[in-house]
Amino acid sequence: MNTVSASVLTIDFHGQPALELTAPDGARCLISLFGGQLLSWIPAGGSERLYLSPAAHFDGRSAVRGGIPVIFPQFAERGNGPRHGFARTRVWQVDESRVSKDFATATLRLVTDDATRALWPHDFALELTVVVSGNRLDLELDVENTGDAAFDFAAALHSYLRVKEVENCRLEGLRNTRYLDATAGDTVKDDRLDALIVEDEVDRLYRDAPDTVVLHDSGRALGFQSHGFPDLVVWNPWEHKCKALADMPDLDFRRMLCVEPAIAEKTMTLAPGEHWSGQHTILAA
Ligand code: TA6
């Protein structure tokens, strides 16, 4: 019988410090301090479920293509700041990390500094808590207004899921919902289908999305359950856009699908001292 030793290790990953969490049952994940970004998740007895581009840039400045980038305080180009915000290109601090008899966990934190103030003139504390155990990954994102004026923010867990073949995937649970189609100038469309099948570029912002969706992928599945995130974004760049991405191999659009719980269409307002938190669980089967 294999014995696993539960641990939290600080390792070097492509020149960046990262935390490697191993739960007593062998479930593992890797979180880069650059971006507070999950880069790998392997459920107990399973295989890698996050997509990380083999051509991702690890230069300590560029956003890393893959894993679960934290998007804050702006979604995409819906604001005047850097695309998808700055949280994904800042170095986060480890607030806490530990193993228990059932899980391994870490909390990473990013707070205002001069560089963030130059981009966004507000005081905040952002916390990402990751818990890995068995076949599940639990994420909690917490935003606090630590300043003395209200601010508006957007946020997302821009999750790149590794799939065997994207054309064979079915994303279920979005029937009878409405989305903005970014491939058609944000036209509002109704989703009437039992499943979303990716056969072309997909870039959809589902508004007031259901909390539960399921991704079936060539005999395996991922279940998603989120709370606090009103929207869900689904993205695959497909052939043409993927070729234009310098940090992703031309054919890797077949190996990934982004399913992203988000506050994206409308920003959220936090008064001084207020918190918002959103939870996201991914279950592997
Ligand atoms: O979340 C979907 C999206 O906004 C797409 O439009 C796509 O461009 C993607 O994010 C990746 O953005 P990035 O800035 O990381 O290249």
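The values are calculated or read from the model by the stated rules, or taken from the named source; none is laboratory data. Just so we're clear, the structure is a prediction, and the values are computed from it rather than from any experiment. Neighbour counts are summed over all protein chains in view; Cβ atoms, including those assigned to glycine, are modelled from backbone coordinates with ideal geometry. Note: accessible area is taken over every heavy atom of the protein model, side chains too, but ligands, DNA and RNA are not part of it. Shrake-Rupley method; radii C 1.70, N 1.55, O 1.52, S 1.80 Å.
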Item to complete: Evaluate the charge dipole of the range 169-272 about its Cα centre and quote only its size in Debye, nearest 20, assuming +1 on the Cβ of each Lys and Arg and -1 on the Cβ of each Asp and Glu.
Response: 160 debye
Worksheet item: For the range 121-235, what log10 I(q)/I(0) values come out of the Debye formula at q = 0.14, 0.17 1/Å, with one point per alpha carbon and no solvent?
Response: -0.71, -0.97
Fill in: 222 nm mean residue ellipticity, helices alone, for the chain (DSSP H n ≥ 4; -39,500 (n - 2.57); rounded to 500)
-1000 deg cm²/dmol
Fill in: Computed accessible area, Trp238, all protein chains, 1.4 angstrom probe, square angstrom
30 Å²
Worksheet item: Where does the range 1-47 land on the Kirkwood hydrodynamic radius, alpha-carbon pairs, in angstrom?
Response: 11.0 Å
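How large is the dipole of the chain about the Cα centre if only Lys and Arg carry +1 and Asp and Glu carry -1, each at its Cβ, rounded to the nearest 20 debye?
Value, rounded to 20: 500 debye.
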Discussion item. Run the reach check for Lys189 against lysines, Cα to Cα strictly under 19 Å, same-chain hits fewer than 8 apart removed. What comes back?
Written reply: Lys266
Worksheet item: Based on Cβ point charges of +1 for Lys and Arg and -1 for Asp and Glu, what charge dipole magnitude is obtained for the range 226-277 about its Cα centre, in debye rounded to the nearest 20?
Response: 120 debye
Worksheet entry | Probe 1.4 Å - accessible area at Leu193, Å² to nearest ten | 110 Å²
Worksheet item: Rg(Cα) of the chain divided by 2.2 N^0.38 Å?
Response: 0.96
Response to the item:
Dipole check, the chain, charges on Cβ (K,R +1; D,E -1), about Cα centroid: among Leu38, Ala149, Pro210 the Cα furthest to the positive pole belongs to Leu38
Practice prompt. Note down the relative contact order for the range 165-285 as a percent, whole number, built from C-alpha pairs under 8 angstrom at least six residues apart.
Written response: 26 percent
Fill in: Rg to Rh, two decimals, where the range 122-189 supplies the alpha carbon set and Rh follows Kirkwood
1.07
Worksheet item: How much net charge surrounds Asp114 when only other residues with a Cβ under 13 Å from its Cβ are counted (Lys, Arg +1; Asp, Glu -1)?
Response: 0
Discussion item. Per residue, how large is the accessible surface of the range 7-284? Use a 1.4 angstrom probe and give square angstrom.
Written reply: 42 Å²
Worksheet item: What is the gain in length, in nm to one decimal, between Glu239 and Val188 on full extension, counting 0.36 nm per residue of separation less the C-alpha to C-alpha distance?
Response: 16.0 nm
Discussion item. What does the extension gain come out to for Asp211 and Trp276, with contour length at 0.36 nm per residue minus their alpha carbon separation?
Written reply: 21.7 nm
